[in-house]
């Protein structure tokens, strides 16, 4: 059975792929959706330019989909791509977002494909702790919620970071794993990467309660 994974380079899609591989699934390809709009209802956008580098490190074929990013129509673009692929299933990193999970569930069901979502309904704190335990190197590349400031941009998710995220949860009610759009991430190294990456140049931008860490250059980590 062959599977493709919806992939953004963020922690949830990357971790879902690793869990699928650990479960013995044959992950053959990655599907990355490139929204033309600044914001997408369904898909992560920051730093997608470096997804091909990660695909190469993972040793997986990358399929790119261009979409205007309009609500619901972007799902039609994904459906058109999936119909042309010989797949048994699709893998997603959905955790708590019913908006995402339900739409992919309906889409895959309509195409007679399995929807494999190994992170679905995981406790957010457990998810972050598992990432660290399994040696995922993850950095925050955008933030958009009360309690965050520019210092969070580019920060690695480690034990100290998780403690502070938990404090923001207690004070402001944010989702610790960023499932409410509070922050987005980029994975620089993982157990299934053949080589990791180091950021050599990035730019920060911050306005109000929102900011982005725009990665401009990376290099392969020495193996």
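Read-outs throughout are calculated quantities, based only on the coordinates presented, and are distinct from any laboratory measurement. On a predicted model such as this, the values are computed, not experimentally measured, just so you know. Quick reminder, even Gly has a Cβ in these numbers, built from the backbone with ideal geometry, and neighbours come from all protein chains shown.
For the pair residue 163 and residue 114 in one chain, pulling the backbone fully straight at 0.36 nm per residue adds 14.0 nm over the alpha carbon distance. Considering only alpha-carbon pairs that sit under 8 angstrom and 6 or more positions apart, the relative contact order computed for the range 163-214 is 16 percent. Taking a ≥ b ≥ c as the square roots of the eigenvalues of the alpha-carbon gyration tensor, the range 70-131 is classed prolate because a/c is 1.5 or more and a/b outweighs b/c. Quick check on the range 2-116: take the gyration tensor over C-alpha atoms, sort the square-rooted eigenvalues as a ≥ b ≥ c, and tell me if it's rounded (a/c under 1.5), prolate or oblate. Because its axes are fairly even, with a/c under 1.5, the range 2-116 counts as rounded. To the nearest ten degrees, helix 11-22 and the longest principal axis of the Cα atoms of the chain are 50 degrees apart. Against the longest alpha carbon principal axis of the chain, how many degrees, from 0 to 90 and to the nearest 10, is the axis of helix 73-83 turned? Orientation of helix 73-83: about 50 degrees from the principal axis. Under the criterion of Cα pairs below 8 Å and six or more residues apart, the relative contact order for the range 2-116 equals 31 percent. Taking every alpha-carbon pair under 8 Å whose residues sit at least 6 apart, the chain reaches a relative contact order of 20 percent.
Could you tell me which of rounded, prolate or oblate describes the range 124-220, using a ≥ b ≥ c as the square roots of the eigenvalues of the alpha-carbon gyration tensor, with rounded for a/c under 1.5 and, failing that, prolate when a/b is larger than b/c and oblate otherwise? It comes out oblate by the Cα gyration axes.
Entry note, the chain: the mean residue ellipticity at 222 nm calculated from DSSP H runs of n ≥ 4, each adding -39500 (n - 2.57), is -9500 deg cm²/dmol after division by the residues and rounding to the nearest 500. Here the chain carries DSSP beta bridges of which approximately 55% are antiparallel, counting only pairs with both residues inside.
Seen against the Cα atoms of the chain and their longest principal axis, helix 98-110 is set at about 10 degrees. The order of 108, 214, 151, going from fewest to most other C-beta atoms within 10 Å of their C-beta, is 151, 214, 108. The value obtained for the chain, namely the Cα convex hull volume divided by the number of residues, is 116 Å³ per residue.
With neighbour counts taken as other beta-carbon atoms within 10 Å, the residues 189, 149 rank, fewest first, as 149, 189. Label-to-label distance, residue 64 versus residue 98, with points set 7 angstrom from Cα along the beta-carbon direction: 3.6 nm.
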